[in-house]
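J.: The structure under discussion is supplied below as structure tokens; questions concerning it will follow.
Readers should treat all values here as calculations from the given coordinates under stated rules, not as data from a laboratory. Computed from a prediction, not measured in an experiment: that's the story for all the values here. Positions of Cβ are backbone-derived with ideal geometry, glycine not excepted, and every protein chain shown enters the neighbour counts.
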């Protein structure tokens, strides 16, 4: 598996996965009706970095990294990860998360925060916990799950380094 | 005191207060070097609503209201409030917060969330608590306070209604 900066062509090939994930409304708080151009802007242009994981030229997943806030809050970053359905259970999310931590440290971030981990997404929660992320808060009924209705979301956080470099 | 939708002229008169608050780097995670046009976009154009509190034509403060997330997270709103230095201690923030809750309920939101209340901003925290907001999470070292260095931030939340209308 190689993880590289996303290209416009990579995103075109990732789009069916992106669309399926937002339409499912089980994990991401993105507009489920988002179109291709807006999705490209959101995933590839607004973040600081966006990467894809590939194997033999096939897109296994993608993630973005961006500051979670501006100015005096811009030492905490935020990432979002999506794995292609056919590539699940193979450690792609774990590999992308480790890659993102390295990128974040190199870019000078002190911590990484996930703002809305859907509480029913147990696979993701266990994975983040195994990588050192802690649940630091719970938003009651923070997400309208398509199948389950209102469910809680977790704020998860990991300190990456001790001091502003 | 009257609270009305902000106009471009209101923002022009509010700008010195806005600039002083972001430059102080004690309460807001906005770029302290933000310029007028970007500030107008951030405060008046990107949010769903922006209001000003006035008394005898003088701007006492302003707030914005927007969804805190998109799609399946867009039933939780987020607000930011700024009171002019000369108008502090007169209940302006309380009045704006009550107004924002009414607006949020009318717009169909189920809850309001503040993502980064600086833990040293005791006046604000006490005020939000008195209005029913609870601290639901703490981000360790979430804010680089200009005088105090790294300080924690709180996520605060209030349920506004029980069900999606």
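J.: Residues in region B:136-143: is at least one touching a residue at least 24 places away in the same chain (Cβ under 8 Å), closer than 24 Å to residue A:76 by Cβ and at the interface with chain A (Cβ under 7 Å from one of its Cβ atoms)?
T.: Just the residues of region B:136-143 that are touching a residue at least 24 places away in the same chain (Cβ under 8 Å), to begin with: B:142-143.
Now drop any that are not closer than 24 Å to residue A:76 by Cβ, which leaves B:142-143.
Those still in the list that are at the interface with chain A (Cβ under 7 Å from one of its Cβ atoms) too: B:142-143.
Yes.
J.: Tell me which residues, restricted to region B:1-21, are in contact with a strand residue (DSSP E or B) (Cβ under 9 Å, 6 or more places away or on another chain) and part of a helix (DSSP H, G or I).
T.: If the condition is that a residue be in contact with a strand residue (DSSP E or B) (Cβ under 9 Å, 6 or more places away or on another chain) and part of a helix (DSSP H, G or I), then B:10, B:11, B:13, B:14, B:17, B:18, B:21 are the ones that fit.
J.: From the list B:27, B:41, which one is within 14 Å of chain A (Cβ to nearest Cβ), out of contact with any helix residue (DSSP H, G or I) (no Cβ under 7 Å at 6 or more places or on another chain) and either in a strand (DSSP E or B) or within 21 Å of residue A:74 (Cβ to Cβ) (or both)? Walk me through it before giving the result.
T.: On the way: B:27 fails: out of contact with any helix residue (DSSP H, G or I) (no Cβ under 7 Å at 6 or more places or on another chain).
Unique residue meeting the criteria: B:41.
J.: Which residue, of B:113, B:103, is more than 14 Å from every other protein chain (Cβ to nearest Cβ) and either buried (at least 21 other Cβ atoms within 10 Å of the Cβ) or in a helix (DSSP H, G or I) (or both)?
T.: Numbers: B:113 fails: more than 14 Å from every other protein chain (Cβ to nearest Cβ).
That would be B:103, the only listed residue that is more than 14 Å from every other protein chain (Cβ to nearest Cβ) and either buried (at least 21 other Cβ atoms within 10 Å of the Cβ) or in a helix (DSSP H, G or I) (or both).
J.: Specify the residue that is surrounded by the fewest Cβ atoms within 10 Å (Cβ to Cβ); the eligible residues are those in region A:120-133 that are within 13 Å of chain B (Cβ to nearest Cβ) and in contact with a strand residue (DSSP E or B) (Cβ under 6 Å, 6 or more places away or on another chain). Step through it out loud before you land on a result.
T.: First, the residues of region A:120-133 that are within 13 Å of chain B (Cβ to nearest Cβ): A:120-121, A:133.
Now narrow it down to the ones that are in contact with a strand residue (DSSP E or B) (Cβ under 6 Å, 6 or more places away or on another chain): A:120, A:133.
On the way: A:120: 16, A:133: 23.
Within region A:120-133, the match that is surrounded by the fewest Cβ atoms within 10 Å (Cβ to Cβ) is A:120.
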